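For reference, the structure discussed in these notes is given below.
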Ligand code: SAH
């Protein structure tokens with residue numbers, strides 16, 4: 001059966017055999033692993049994962065691809081195909097329904113436009129997720145792993161790094177996909193921390209301050225945090241941490257943001 005890729009669903013299929021092998025190696029599959037695949041597509045990777053793990057749940061939003069997958073992969077009795085939108089899924093519930101108690105590895109060659117909502121969803125469900133392996137746009141991957149002082153560093157870097165240790169495992173050139181996307185990709189791994197990277201009294205406030213600080217990243221913190229943080233508190237914070245009072249958000253580490261937020265009442 002031929003399937004015409006649907007652009008609006010981000011259907012760019014990974015056709016490069018070497019990269020497929022590289023991904024399977026990176027997943028470091030173990031016989032006891034429970035894997036959750038997002039966007040199984042035509043099932044090439046699904047078929048490489050299934051024989052090597054205990055259970056595989058594979059999600060595919062496209063009805064026609066879902067039917068194709070059922071037909072193609074019916075030999076795998078440990079595979080559960082699910083015709084659903086990842087953004088409407090509760091992993092915890094799916095695992096509970098299937099009486100699975102161990103944490104899962106999540107893998108996906110996911111559409112670029114839902115990279116951040118998927119990461120947010122997985123962060124919210126990190127209680128049942130051991131590791132995440134996803135293909136994302138190269139520029140996006142760089143933002144996720146960026147450290148203070150780089151131009152890619154921003155509120156999303158802080159958000160992800162607060163909960164996880166992200167690492168770019170390798171680059172995947174656009175030529176490895178069909179149809180050819182306009183951008184290159186990276187294969188990204190997120191390992192969730194047992195505890196957040198820094199300890200704060202008020203998480204919500206931490207991210208509120210971080211977002212405000214990066215909202216106009218060319219401006220100084222003094223300006224961007226006006227109305228959010230009392231100016232005396234900010235002055236005290238600069239003094240205590242030996243920071244220039246004209247610094248901007250991109251120069252502040254997560255630990256420093258935490259320190260600032262903890263000094264507020
Ligand atoms: N993993 C396959 C397909 C990649 S293309 C491969 O590597 O070749 C991305 C796939 O995600 C497509 O099959 C698309 O239909 C599916 N998809 C898009 N949005 C989705 C969503 N919200 N939930 C689940 N799957 C989705």
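Quick check on the exposure proxy: order 87, 254 from fewest to most C-beta atoms within 10 angstrom.
Result, fewest neighbours first: 87, 254.
Please arrange 138, 93, 105 by counting, for each residue, the other beta carbons lying within 10 Å of its beta carbon, fewest first.
Placing the least packed residue first, the sequence is 93, 138, 105.
For the chain, modelled as a Gaussian network with Cα springs under 10 Å, which listed residue fluctuates most, 59, 205, 190?
205
Relative to the first principal axis of the alpha-carbon coordinates of the chain, what is the inclination of helix 231-240, with its axis defined by its Cα atoms, in degrees from 0 to 90 and to the nearest 10?
Taking the Cα atoms of the chain, the angle to 231-240 is about 80 degrees.
With both partners inside the chain, how many of the DSSP beta bridges are antiparallel, as a percent to the nearest 5?
50 percent
Quick check: the angle from helix 203-215's long axis to the longest principal axis of the chain, C-alpha only, nearest 10 degrees?
80 degrees
Which residue, 232, 139, 37, tops the fluctuation ranking in a GNM of the chain built on C-alpha contacts under 10 Å?
232
If each residue's Cβ is checked for other Cβ atoms within 10 Å, how do 184, 33 rank with the fewest at the top?
184, 33
When the chain is fully extended, how far beyond the present Cα-Cα distance does residue 180 get from residue 77, taking 0.36 nm per residue of separation?
Fully extending the segment from residue 180 to residue 77 adds 33.7 nm.
How many angstrom separate the Cα center of the range 204-265 from the Cα center of the range 1-79?
So the two Cα centres are separated by 44 Å.
Starting from the Cα of residue 15, step 7 Å along the direction of its Cβ; do the same at residue 98; then give the gap between the two resulting points in nm.
3.0 nm
Given the options 34, 94, 49, which has the most mean-square fluctuation in a GNM of the chain, springs set between C-alpha atoms less than 10 angstrom apart?
94
Name the residues of the range 179-196 whose amide N is less than 18 Å from a point 7 angstrom out from the Cα of residue 228 along the C-beta direction?
Once the point is set 7 Å along Cα→Cβ of residue 228, nothing inside the range 179-196 turns out to lie under 18 Å by backbone N.
Using helices alone, I'd like the mean residue ellipticity at 222 nm for the chain: each DSSP H run of four-plus residues gives -39500 (n - 2.57), total over residue count, nearest 500.
So the calculated ellipticity at 222 nm is -10000 deg cm²/dmol.
Helix 17-27 sits at what angle to the longest principal axis of the chain, using alpha carbons and giving 0 to 90 degrees rounded to 10?
It is inclined by approximately 60 degrees.
State whether the range 69-202 is rounded, prolate or oblate according to the following rule on the C-alpha gyration tensor (a ≥ b ≥ c being the square roots of its eigenvalues): a/c under 1.5 gives rounded; otherwise a/b larger than b/c gives prolate, and the remaining case gives oblate.
Oblate, because a/c is 1.5 or more while a/b does not exceed b/c.
Based on Cα positions only, what radius of gyration and what Dmax would you give for the range 97-146, in angstroms?
12.2, 38
Every number in this text was worked out from the coordinates using simple rules, so none of it is lab data. Every value quoted in this text rests on a predicted model; they were computed, and no experiment measured them. Heads up, the Cβs are rebuilt from the backbone with ideal geometry, glycines too, and the neighbour counts pull from every protein chain shown.
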